[in-house]
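Student: To start, I am sharing the structure in question, which I have written as structure tokens.
The values are calculated or read from the model by the stated rules, or taken from the named source; none is laboratory data. Note that the structure is a prediction, hence the values are computed from the model and not measured. Positions of Cβ are backbone-derived with ideal geometry, glycine not excepted, and every protein chain shown enters the neighbour counts. Heavy atoms of the whole protein, side chains included, go into the accessibility calculation; ligands, DNA and RNA do not. Shrake-Rupley method; radii C 1.70, N 1.55, O 1.52, S 1.80 Å.
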Amino acid sequence: MSSQAKQSQKLLLFRLFGSRLFGIGTLKIREILPFRRLTRLPHSHHAVIGTATFRDSTVPVIDMSAAVGYPALTKEEQENASIIVTDIQRQEIGFLVRGVQQIIETDWKSVMPPPKALGANVFITGLLDAGGNIIQLLDVELLLAKVYPESLDTQEVMLSDVQSETLGSLNILLVDDSQVARKQLSDVLDSKGIHYHVTTNGSDALEILLKEQDSGHPIEILVSDIEMPGLDGYELAFNVRDNSSLKQPYIILHTSLNSEMSLSYANQVGANEALTKFDAEELLQAMLRGASS
């Protein structure tokens with residue numbers, strides 16, 4: 001594949017419990033802070049241990065160990081811990097971790113999907129072998145949904161009859177490795193009675209695109225996450241644009257990243273639009289723009 005479709009990915013590695021290493025993409029990270037005094041939040045989830053002030057903003061801090069089912073950090077352990085301030089799904093969230101290790105560079109082709117035997121509620125989206133160490137990539141969207149279940153509530157979007165009929169006539173493909181994101185996407189379209197295909201990774205998405213093309217019903221709207229094991233959203237978009245036999249869909253890259261760099265790169269690989277998760281109104285309006293393009 002042309003190097004145009006490749007973009008190196010950096011992961012921050014950290015520990016939660018024992019020696020096991022976890023990772024999160026650095027594009028999600030605003031800053032890493034030493035532990036500081038927190039302001040308690042009454043009536044909050046047990047994993048929300050308080051709020052911190054970060055650049056004049058109040059940021060909730062989640063004990064990531066407690067959130068994923070490990071023992072919570074003790075007061076003594078917190079003193080030597082770090083707070084990873086992230087920018088995810090339009091909000092700043094701090095995650096308390098036991099220890100930050102290092103930043104490594106990789107690409108999503110090296111990331112393997114988690115074994116299906118782990119079940120649907122596992123908090124990882126992929127596994128990476130880094131020098132003999134197995135890194136678990138955390139599903140931050142699922143973690144946040146467990147801590148803030150109200151975040152899964154999808155706002156009602158009003159569409160005219162013509163708009164609903166327009167979207168209902170399209171062949172739509174949704175691609176996301178996060179079960180939370182897939183549910184949000186599906187709920188929006190289900191609420192409007194709109195049919196769609198859905199899958200968890202870019203490789204399967206490419207197969208669906210080719211299959212639908214061969215059946216005479218090519219995919220017209222492709223909505224894909226960016227960070228996915230194997231074939232990521234950037235490479236998926238590039239592969240689609242590079243395949244002259246495909247009727248070209250309207251590509252919307254849909255990501256939890258708020259990084260301007262990641263969104264601008266989406267256009268370079270051929271995406272029509274890039275949206276930050278999750279706003280149902282924005283998503284449906286983008287699909288309508290795709291229908292009229």
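Student: Evaluate the distance, in nm, between pseudo-label points positioned 7 Å from the Cα of Ile103 and of Glu282 along their respective Cα→Cβ axes.
Tutor: Inter-label distance under the simple model: 2.5 nm.
Student: Contour minus end-to-end for Glu79 and Arg55, with contour as 0.36 nm per residue of separation and end-to-end as the Cα-Cα distance?
Tutor: 6.5 nm
Student: Determine, from the Cβ-Cβ distance of Glu150 and Ala72 and an R0 of 25 Å, the FRET efficiency 1/(1 + (r/R0)^6), rounded to the nearest 0.05.
Tutor: The formula returns an efficiency of 0.65 here.
Student: Quick one: if you stick a label point 7 Å off each Cα along the C-beta vector at Ser19 and Ser110, how many nm between them?
Tutor: 2.1 nm
Student: Using a 1.4 angstrom probe, figure out how much accessible area the chain has per residue, in square angstrom, rounded to the nearest whole.
Tutor: 46 Å²
Student: Computed from the coordinates I sent, Rg/Rh (Cα atoms, Kirkwood Rh) equals one of (1) 1.04; (2) 0.98; (3) 1.07. Tell me the label.
Tutor: (2)
Student: Using the basic label-point model (7 angstrom from Cα toward the beta carbon), what is the Ala130 to Ser191 distance in nanometres?
Tutor: Roughly 3.8 nm, to one decimal.
Student: Something else: Straight-line reach from Lys75: which lysines have Cα under 25 Å away, leaving out those fewer than 8 places along the same chain?
Tutor: Answer for Lys75, where 25 Å is the Cα cut-off: Lys146, listed by chain and number.
Student: Across region 15-21, in residue order, what do the Karplus-derived ³J(HN,Hα) couplings come to in whole Hz, using 6.51 cos²θ - 1.76 cosθ + 1.60 with θ = phi - 60° and x for Gly and Pro?
Tutor: Values per residue, Gly and Pro as x: 10, 10, 8, x, 9, 5, 9 Hz.
Student: How many percent of DSSP beta bridges within the chain run antiparallel, rounded to 5?
Tutor: Antiparallel bridges: around 65 percent, rounded to the nearest 5.
Student: Moving on. Starting from the Cα of Arg37, move 7 Å in the Cα-to-Cβ direction to define the label point; list residues of region 53-93 whose amide nitrogen is under 19 Å from there.
Tutor: 53-61, 75-83
Student: Distance cut-off 19 Å, Cα to Cα: go down the list Lys28/Lys277; Lys211/Lys247; Lys183/Lys247; Lys10/Lys183; Lys10/Lys109; Lys116/Lys211 and report the pairs above it.
Tutor: Flagged as over cut-off: Lys183/Lys247; Lys10/Lys183; Lys116/Lys211.
Student: Out of residues 5 or more away from Ile29 or on other chains, whose amide H comes under 5 Å of its own, with H placed 1.01 Å from N in the peptide plane?
Tutor: Here Asp87 satisfy the definition.
Student: Also, quick follow-up: Of the heavy-atom accessible surface of region 70-200 (probe 1.4 angstrom), what whole percent is carbon and sulfur?
Tutor: With neighbouring chains kept in place, the figure for region 70-200 is 51 percent.
Student: Taking R0 as 30 Å, what FRET efficiency do you get between Asn267 and Ser160 from their Cβ-Cβ distance, rounded to the nearest 0.05?
Tutor: Efficiency, from the Cβ-Cβ distance: 0.55.
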